[in-house]
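The values are calculated or read from the model by the stated rules, or taken from the named source; none is laboratory data. Because the structure is predicted, anything quoted here is derived from the model rather than measured. Because the Cβ atoms are built from the backbone with ideal geometry, glycine has one as well, and the counts that use them run over all protein chains shown.
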Amino acid sequence: MPKFESKGFKKVYWLYILAVALIAAGYTDFPLISYHFQMTGVVLGGMIAIFYSVAMGVDAISEKLIIKTLMDICKIFRILI
């Protein structure tokens with residue numbers, strides 16, 4: 001069996017792997033995560049709803065920040081054009 005070495009990978013490779021991992025994590029929906037939490041006993045049953053509400057709050061705040069940033073970038077490009 002051949003040996004695989006992880007030495008020598010460039011920074012761009014690790015950034016790509018990080019991006020792929022974050023995209024894959026984004027596709028995991030909350031019902032699947034809550035099922036896993038309940039079956040493994042990582043989180044108590046009543047705390048799952050609190051986790052969900054915190055996740056939705058973080059989602060709403062991050063969406064507003066991302067939209068504002070994108071709108072600012074679009075304004076900059078309109079000025080340059």
_Test result for ILE79, of a type in the set (Val, Ile, Thr), modelled with pLDDT under 90 and not in a loop (DSSP other than H, G, I, E, B)_ = yes
*In the range 37-70, the residues that are outside any helix (DSSP H, G or I) and either surrounded by 10 or more Cβ atoms within 10 Å (Cβ to Cβ) or in contact (Cβ under 8 Å) with a residue 40 or more places away in the chain (or both)*: VAL42, VAL43, LEU44
*Could you tell me whether SER53 is hydroxyl-bearing (Ser, Thr, Tyr) and modelled with pLDDT under 85?*
no
